[in-house]
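Some notes on the structure that comes next.
Every number in this text was worked out from the coordinates using simple rules, so none of it is lab data. This structure is a prediction, so every number in the text was calculated from the model and none was measured. Cβ placement follows ideal geometry from the backbone for every residue including glycine, while neighbour counts extend to all protein chains displayed.
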């Protein structure tokens, strides 16, 4: 070890402001996740859903160019072009409308929940569990910068799996359809971004809050599963099975984001199911939950000093 | 061993002893770097303290972590010693802006330590070994440099320099998981130094370091202090701390029990007379003469030709002893203070803990 300070330069420059530390915090968190194979496995599964939509749209465009044919071959399957078009357009809703993107978000939700449940303890929990916080908090940043950095990391995940692929689908459909699609459907693009924003804000706050509370992976998965799968089943049983008030469906958080997202995409809730709570109620539930998480985090970061 | 025939510290003149109501806490004879300006001090103003804790208290619910602590630190090395639970780590976290005091203020170069800008001036090496185990040492230090507000390029350069400084250049590419305790200490010190802070707060930096590494760290700390940095080092390795600095702050039960050099603190422990072992060819005669001195509170004759004197006011005692030996022509073959070590002083201050 060179005890001499010959090569250790005094720093005379200016540091960036504390707000600049948000991205380095997120970057470290993302690095921790990206180097795990299980994440890439789950992301590959999520991409399968995306590719189903991506190639479905491509198939639709191709089938529409084959309408003069009696039958077309897709691998070993022989079918009439009109039936294929009907299947893709009306059943799978691959028609570049709000339905397409809404369905995409809905299906991606399963993978998003699994990935976030696994990522929570790595992203945030470990800092609290193993006491790494002093390294962060002794640096020129505030507690809110730390939380913002973690939320940003979650936001990157959520958008990598939902908003970004949805935008790719939007662009692809525009290329397959016509340039006017981009202009005529600009509302859809805004809806996609809005849906992504709702997911980003709600999920990042919920994940950071639950991860600071539970810290470990297994309790995180159990809680996340309860929130997003068990409550969905329960809501379904109560409303559709026992004919309870549709507002019981508000306990299904993913459905709430779905309702708000549908509204943002310009879709009415009458197109979803017969018994759905009003959109504003779903938005209220999400807003209240996000506020609770924010308050919890605010209290938590004041007490973070005694957490090891 | 310090030369006990010389005054303990010429700077200790005109310094006062302060005691709390319970009489336990000893306010140190103040060294220049840890001193409140007294009205009678000379005109030369002291530089602005790099770290100032002003009547700071911190509670954890009903438990008080730090109680009315006042401490001013300037360039140099200060050891922070005390038993477990004394409040050392809380004090360090207050000083690094990780905690906000309930009462009082903590200032780093004049800025509130809670302010992010103040944290640019402080580096902290915690005693915890909790890293991101999958990162390499280089990645960890570089990440910490980015958190300090460096651009990517500058962060990389600073990382290289700091890793070289702590002797971790060759091992920097290895994952933290595979590091020994000593390597982890070096990496922790590196991340604390990466932004060239004025105040360096190190919690048990010598723990787990091999003897050669300790010497290197001690040299590094000395060099940093010479560069004008303020180092506050907590350690249970009192022998190593004594090699590093004479200047210590002793904490117990959330309070600063004493601040100053070991000799100064020892001198103030009036209720614990200094024990001095003397070997002489006339121990009985010498014991009789010593008992006549006003500062001597007791003499124990030991085996063979030794005796142990317990004396208050060591400086005056040693001056008188020198006169006595010269006048009466006693032969003194060996002279040793038995309880002037950091261990002994700490033991007295902490009530035998």
Worksheet entry | Calculated log₁₀ intensity ratio I(q)/I(0) where the Debye formula runs over C-alpha points of region B:175-322, q = 0.16 Å⁻¹ | -0.91
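When only C-alpha pairs under 8 Å and at least 6 residues apart count, what is the relative contact order of chain B, in percent? Working shown, then result.
Working: 676 pairs, mean separation 68.8, N = 353.
Rounded, it is 19 percent for chain B.
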Worksheet item: Rounded if a/c is under 1.5, else prolate if a/b is larger than b/c, else oblate: which is chain B, with a ≥ b ≥ c the root eigenvalues of its Cα gyration tensor?
Response: prolate
Worksheet item: Which one of A:192, A:74, A:114 has the biggest mean-square fluctuation once chain A is modelled by GNM with Cα springs under 10 Å?
Response: A:74
Fill in: C-alpha long axis of helix A:279-303 to longest principal axis of chain A, angle in °
20
Item to complete: Please tell me the relative contact order of region A:160-279 in percent, rounded to the nearest whole number, where contacts are Cα pairs under 8 Å and at least six residues apart.
Response: 26
Practice prompt. Counting other beta carbons within 10 Å of each Cβ, put A:52, B:92 in order, fewest first.
Written response: A:52, B:92
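In nm², what is the average projected area of the convex hull enclosing the Cα atoms of region A:143-300? Present the calculation step by step, with values, prior to reporting the outcome.
Values: hull surface 42.8 nm².
Its Cα hull, projected and averaged over all orientations, spans 10.7 nm².
Going by C-beta contacts inside 10 Å, put B:134, B:142, B:331 in order with the fewest on the left.
Details: B:134 15, B:142 25, B:331 11.
Lowest to highest Cβ neighbour count: B:331, B:134, B:142.
Can you show me the helix-derived [θ] at 222 nm for chain A, built from DSSP H runs with n ≥ 4 at -39,500 (n - 2.57) apiece and divided by the number of residues, rounded to the nearest 500. Before the final figure, lay out the partial values.
Working: 14 runs with 198 residues, N = 308.
That comes out to -21000 deg cm²/dmol.
I'd like the mean, over residues of B:194-202, of how many other protein chain beta carbons sit within 10 Å of each residue's own Cβ. Walk me through the intermediate numbers first.
Details: counts 3, 4, 6, 3, 0, 0, 0, 1, 0.
If you average over the peptide's residues, the count of other-chain Cβ atoms is 2.
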Discussion item. How many angstrom lie between the Cα centre of region A:148-190 and the Cα centre of region A:26-42?
Written reply: 22
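Report, as an integer, the average count of C-beta atoms from other chains found within 10 Å of each Cβ along A:125-138. Walk me through the numbers on the way to the answer.
Working: counts 0, 3, 2, 0, 1, 6, 5, 6, 4, 12, 14, 4, 8, 18.
Mean inter-chain Cβ contacts per residue within 10 Å come to 6.
Can you give the Kirkwood hydrodynamic radius for region B:111-184, in Å, rounded to one decimal and based on Cα pairs?
Numbers: mean 1/r = 0.0755 Å⁻¹.
Evaluated on region B:111-184, it is 13.2 Å.
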Response to the item:
region A:91-170: relative contact order from alpha carbon pairs under 8 Å, six or more residues apart, as a whole percent, is 43
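Stick to the Cα atoms of chain A, pair each with every other, and give me the Kirkwood hydrodynamic radius in Å at one decimal.
On the way: mean 1/r = 0.0460 Å⁻¹.
Radius from the Kirkwood sum: 21.8 Å.
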Discussion item. Quick check: convex hull over the Cα atoms of region B:152-234, volume per residue in Å³, rounded to an integer?
Written reply: 94
Worksheet entry | Shielding of B:111-122 by partner chains, average beta-carbon count, 10 Å | 3
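To the nearest whole percent, what portion of all C-alpha pairs in the protein assembly as shown is separated by more than 48 angstrom?
On the way: 79465 of 218130 pairs.
Of the Cα pairs, 36 percent sit more than 48 Å apart.
Do me a favour and compute the ellipsoid semi-axes for region B:282-353 from its Cα gyration tensor, root of five times each eigenvalue, largest one first, whole Å.
Values: eigenvalues 115, 38, 24 Å².
Working from the Cα gyration tensor, I get semi-axes of 24, 14, 11 Å.
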Practice prompt. Enter the Cα centre distance for the pair region B:301-328 and region B:154-224, rounded to the nearest angstrom.
Written response: 46
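Can you sort B:188, A:139, B:58, A:37 so the residue with the fewest Cβ neighbours within 10 Å comes first? Intermediate values should be presented prior to the final figure.
Numbers: B:188 27, A:139 32, B:58 24, A:37 7.
Neighbour counts put them in this order, fewest first: A:37, B:58, B:188, A:139.
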